[in-house]
Amino acid sequence: MTLGVLAALVMLFVMFAGFWTDWLWYRSVRYSSVFTTTLGTKIGLFAVFGVLMTLAVGINIWLAHRLRPPLSAMSMEQQNLDRYRMSIAPYKKWALLAIATLVGLVAGASAAGQWRTWLLWINGVPFGQKDPQFHKDISFYTFDLPWYRFLLSFGFAAVVLSLIAAALVHYLYGGLRLTSPGGRATSAATGHLSVLLGLFVGLKAIAYWLDRYGLAVKSSGLKSTDGWTGLRYVDANAYLPAKTILFIIALICALLFFATLWRRTWQLPVIGFGLMVLSAVLIGGLYPAIVQKFQVQPNEQAKEAPYIKKNITATREAYGIDGTDVKEYAGKGDPKDKDKLRADVNATASLRLLDPNIVSPTFQQQQQVRGYYQFPSTLDVDRYKKDGKEQDTVIGLRELNIKGIPERNWINDHFKYTHGYGAITAKGTSITSEGEPDFTEKNLPTEGVLGKYEQRIYYGEKTTQYSIVGGPQKELDYSSDQGEKSYSYQGKSGVNLSNPVNRAAYAVAFGEPKMLYAGAIGEGSRILYNRTPKERVEAVAPWLTIDGDAYPAVVDGRIQWIVDAYTTTNGYPYASRTTLGDSTADSLTTGQRAVVAQQNQVNYIRNSVKATVDAYDGKVSLYQWDTKDPVLKTWMKSFPGTVKAKSEISPALMDHLRYPQDLFKVQRELLTRYHVTDPGTFYTGSERWQVPDDPTTKEGNAVPPYYLSMKMPDQQKQTFSLTTTFTPKSRPNLGAFMAVDADAKSPDYGAIRVLKLPSETTVWGPQQAQSKFNSDAAVANAINIWKKGDSEVEYGNLLTVPLDGGLLYVEPVYLRGAGTNYPLLKKVLVNYGEKIAFKDTLDEALDEVFGGKVPDNGTKQPPGEPSNQPPANQTVKQAVKDAQDAYDAGQKALGDKDWGAYGKAQKDLKDALDRIAKAEAGSSDKSGKPGS
């Protein structure tokens, strides 16, 4: 008994530890109302529906027992069941209670999982828009209908379980007979079971009625569409009237079952039930199939046109693409006016050469400083001001790398190495003469354009382990030439471990008994956990869907993680559904950058919340961004005080807010079909686009969208934008270019502009542009020489920019030389029209594409005439020839197994490559524009 009591106490404390640590964490981040509201709602639903189910099943079991026939009237079949009745008799009250309670617990647990549905229903805010079929407010489908369906399913479960339980009790006590001669059921059993069957059929009638509205949010297939949602011709003209007829038949059938209370015969209700089943087959199944076959299919386009129009309108509204500005664009610039084209390039776009998806290893090599720091595999693009001018900047945080700790043990992992240190930034549009990032904030501690700020990073994307700070054990702040600097956390984040109950709870929660007795824990010790920005925002706002890319910004002297969050629903009538995980996947999607709730199907999305997480103290702030979104308003009613007003966003923070990538990717996926507003064209699919594959990788995944400052043809100045390209369905040429104003300070923030190229235009698409680059003789020769020297070539982001009627492609080319583990930018590829350039700098490439270079005397060289090659270029040319000869000699020696000759050829090849690198570096230094 003692062991049993102890085991029970241990189990209770384990359960308590989970609850208590959750409460402490929410209280530490000052969102305890989220915890209490969520918990209270779950407990309330569990209690109410658990009790209702317990009463429903318990009362019917009691009633069936109460209506049992007298023992003398029992048949031989029932007398054989005496031993079962006798064994149950002493415990029948406890058995009744146990069965009813067990069923109630299961039902209560199921109902508790509907806490979101309940809160949306009870706090629902009208959309102010009505659906085109039933003319009900959109909120009925998004907030009301899901709750009604849950109530209906609960009612079905209660009736079915009660029916089964009652039938078993009636059989056990003689009310039902299966093999005995005479009547199969007593009148009391007949009446009881008939009422339950009547309730079941009555609920089926309600289900038919709700199914009518469900047609507006039903997904089905239609030619040239995926994820089609809403009524089609057959739904409006066959299923809808069929559901109404079946509703009436079910009501009549239910009344016939109730009538057995007086008639005490199954004849009429059985006939009615058979009629209902037959009607469901004929009216609900066969009739719509006939309408589809003989009315719709012969002229489907004309029949479906009104419903396609409704789907197009609703889908564009639900995804925020209804205001998309689609304009025709020639796609061909005027090659004669090259002076104007060259002059317009810099005014049109700040072409970003530093690819945040490539240069992370270079940041790691140049700015890691210590092995226990790391940068994310994909850096971020932001804007910072220098000398009053805003410039595109690549930024990454130097976060803690737990695997890089020299000596791994519990104290080092959780007490000494607790935080990263510093934000590193580099210009996005320029590099150094060696091809490295042009850092504007660097070193440890960092110094540069960011000024003075709190550099310690306790919360970050790579910080997944817990740390215990602020107690007797000092932390390693950072190491310098003067030695290690110690530090003790001064923030208010985390949970206090001075309390022994807290220590015990966390020892259980983390499975770490050392927490109970470790001397490193004492007065002032605090435990930090749930440390990634996504984790923290998702925990304090569990009703939001989190963007896959949180990015850092230095705001008012603090590093803030900025997290975009979405409100979604899959109940917007007529709007086609999409799967977030599929729509947001591209060639850069990783586990770190994948959108949360990957397989969520939605048909409405808004970037309603901008959230921040302080990298030092972990403070989470939620700001209302979309002030019109009824879904967010509903959640704000459910959790009052959790979301701050948009007006509370500081100007410094506003400078760094941008249009989120995941929303953009969902919208571009929808625009491949829904840029078309004509139902006929939409049906044929002749104008469908597709998101092209990323030409810089071999995986065949979609090209990612790119941030850069540029201006579209109708804009007067450059704006920080998010851009992408489309190709026609199953064709490689460019079909359209899309850009969205991504600067939160811009009055046109969120405006989507699409330039649609004529279908007969053969402007290169991304894959074709990359193929043309690779097949160009000069490019191919240089790439082959690099690869023969055991170097690895990496292509950076292929930027596309509309320029004076045409499309300009710019792509940086990086080289990982033999013996190095990080890429350096060595060349820039540029294409406009049919012209390709492959040069050391962007300016040189643009000069070649647009006709000559400005010589030293200030006169522009005429297009088509050869330039005077400087001696360095002659040196390069000879070195390239020597490299080729050395490579050929090495291959011949390898075939002959002449290892001496092979070694000499490799030495000659290395000498030639060294001369190429030296000559190129000298030429860049003399040009005066090494970072262009």
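Throughout, read-outs are computed from the coordinates displayed, never taken from laboratory work. Given the structure is predicted, the values throughout are model-derived calculations rather than measurements. Methodologically, a virtual Cβ is constructed for each residue, glycine included, from the backbone with ideal geometry; neighbour enumeration extends over all protein chains shown.
General remarks:
- Whole-angstrom gap from region 225-293 to region 23-38, using each part's C-alpha centre: 49 Å
- Fully extending the segment from Leu275 to Ile411 would add 41.5 nm, taking 0.36 nm per residue of separation and subtracting the current Cα-Cα distance.
- Stretched out straight at 0.36 nm per residue, the stretch from Glu484 to Lys386 would grow longer than its current Cα-Cα span by 32.0 nm.
- For the chain, the direction-averaged projected area of the alpha-carbon convex hull comes to 52.6 nm².
- Listed peptides 679-687, 306-314, 561-569, 10-18 appear in the order 561-569, 306-314, 679-687, 10-18 once ranked by packing, highest mean of other Cβ atoms within 10 Å at the front.
- Kirkwood-Stokes translational diffusion coefficient of region 665-736, alpha-carbon pairs, 25 °C, 0.890 mPa s, µm²/s: 179 µm²/s
- Qualifying GluC sites (Glu not before Pro) in region 478-535, DSSP loop, other Cβ atoms within 10 Å at most 12: Glu523
- Stokes-Einstein diffusion of region 532-657 at 4 °C, 1.567 mPa s viscosity, Kirkwood radius from Cα pairs, rounded to a whole number: 85 µm²/s.
- Cα-Cα over 30 Å, subset of Lys42/Lys474; Lys385/Lys698; Lys389/Lys839: Lys42/Lys474; Lys385/Lys698
- DSSP H segments from the chain that extend 30 Å or more along their own axis, Cα-based, with Kyte-Doolittle mean of -0.5 or above: 2-28, 32-66, 145-172, 187-214, 240-263
- Taken over region 201-318, lysine pairs spaced eight or more positions apart, or on distinct chains, with alpha carbons under 27 Å apart number 19.
- Qualifying aspartates and glutamates (Cα of each under 15 Å from Cα of Lys416; at least 8 residues distant if same chain): Glu399, Glu407, Glu475, Asp477, Glu484
- Computed P(r) (all Cα pairs; region 354-529; 10 Å bins; percent): 9, 34, 29, 18, 8, 2, 0
- Put a dot 7 Å past the Cα of His135, heading toward its Cβ, do the same for Glu434, and the two dots end up 7.4 nm apart.
- Region 435-549 shape via C-alpha gyration tensor axes, a/c threshold 1.5: oblate
- Translational diffusion of region 595-740, µm² s⁻¹ [Kirkwood Rh, Cα pairs; Stokes-Einstein; 37 °C; 0.692 mPa s]: 179 µm²/s
- Lys711 sits among other residues whose Cβ lies under 13 Å from its own Cβ, and their net charge, with Lys and Arg +1 and Asp and Glu -1, is -4.
- Cross-link table Lys787/Lys904; Lys427/Lys633; Lys403/Lys826; Lys386/Lys745; Lys729/Lys772; Lys462/Lys485, entries beyond 29 Å C-alpha to C-alpha: Lys427/Lys633; Lys403/Lys826
- Multiplying each eigenvalue of the alpha-carbon gyration tensor of region 675-832 by 5 and taking the square root yields semi-axes of 31, 20, 14 Å, largest first, rounded to whole angstroms.
- Each peptide in 353-359, 195-201 was scored by the mean count of other Cβ atoms within 10 Å over its residues; highest first, the order is 353-359, 195-201.
- Of the peptides 282-293, 458-469, the ranking by mean beta-carbon count within 10 Å, highest at the top, reads 458-469, 282-293.
- Cα point-scatterer Debye curve for region 201-318, base-10 log of I(q)/I(0) at q = 0.09, 0.13, 0.14, 0.19 Å⁻¹: -0.33, -0.60, -0.66, -0.98
- In the chain, the DSSP-assigned H stretches of four residues or longer account for a calculated mean residue ellipticity at 222 nm of -13500 deg cm²/dmol, using -39500 (n - 2.57) per stretch and the full residue count as denominator.
- Within-9-Å neighbourhood charge of Thr672 [Cβ basis; K, R +1; D, E -1]: +3
- Relative contact order (%) - the chain, alpha-carbon pairs under 8 angstrom, separation at least six: 11 percent
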